[in-house]
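First comes the structure, then the notes that go with it.
The values are calculated or read from the model by the stated rules, or taken from the named source; none is laboratory data. Keep in mind that this is a model prediction, so the values were computed, not measured. Calculation scope for accessible area: heavy atoms of the full protein, side chains included, ligands and nucleic acids excluded. Shrake-Rupley method; radii C 1.70, N 1.55, O 1.52, S 1.80 Å.
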Amino acid sequence: MNSPIPGPAAGAAVPHYPPAPRRPRVGRLVPLPGVVLRSDPERLTVQHFLQAIAVPVAAMQTLLEVAVETKDTACSAMALGAMASHRDYLAELAADFALLGELEQDRVQVVAGDHDLAALGADIAERLGAVALRHGSELRAEPRSFLPSSVTCDRGLALRALDAVLRVAATRCYPGRIDLGVSFHDGRGAHGPRLCFDLVTNGGGFGDVELGYVFRPFAVVDAAGRPQLGLSIAQRLGELLGGELRVLSPGPATCHYRLAVAAPAAAGAHWRDPLAPALDLGPVL
């Protein structure tokens, strides 16, 4: 005979047991449709950036102490000038590092438009001329082929790429003349229509081993041995613009940088002789 289990007596406290702790459950992490997995940022690049800024910052501290403590006016002025040079370098390096990060994250977009090539050439000569002058050199721009009256390209990104190349070239070469040649290739070969910009410097060449690393971040240095990012940025901008960057260094006495960007002739463009702008050579077919 089954005997019933007696229940709690009237008025007795009912024991309370805490709920068992919930174990966290993690499902399989998968990307949403259309999301592309990207690798983590290269830590070595960040480490190089921190190392690159550490030396100028330490130098600026020393120069500041010299400028404050010295009683020689000429020595103080020299120290302040060196501090200004390091300040400009740090500002450019920080801006280049930020742009390099945007390029690695595919956040830079090409916005092409039709641009008058004569006006574009004048803008390039003015802006790059100021950069060269700041580094003690003179930029001489000249056309090296017939040019269409207008082309389709991203003017802003092309200028940024050229600026990045020139800053590296001007800080590595001997002060003096820098030649900038502009030519147009109609794309009948392996590539499509391109604008080519050739920068030739006196000095500032790369050795055989260095030449293999000119596009690696922080591998290129200026005349003072400070790392630069210009060629790494210009190479990626050139590829984004449908072209490329090449560096030719036949010896230490000279260096040749060629930046090519995709730039087909705009609709209705005519051939122009840069040496005779008023001469119309017919439509670009």
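Quick notes on this one:
- For segment 117-163: rounded, prolate or oblate by the Cα gyration tensor [a/c cutoff 1.5]: oblate
- Here the gap between His270 and Arg216, fully extended at 0.36 nm per residue and compared with their Cα-Cα distance, gives a gain of 15.5 nm.
- Whole-percent carbon and sulfur share, accessible surface of segment 114-241, 1.4 Å: 51
- Note on segment 95-248: Cα-only Rg and Dmax are 15.3, 43 Å.
- Segment 123-246, accessible area per residue, ligands and nucleic acids excluded (1.4 Å, Å²): 43
- Our coupling estimate for segment 249-260, obtained by passing each phi through the Karplus curve with A = 6.51, B = -1.76, C = 1.60 and θ = phi - 60°, is 9, x, x, x, 7, 8, 8, 10, 10, 10, 10, 10 Hz, Gly and Pro reported as x.
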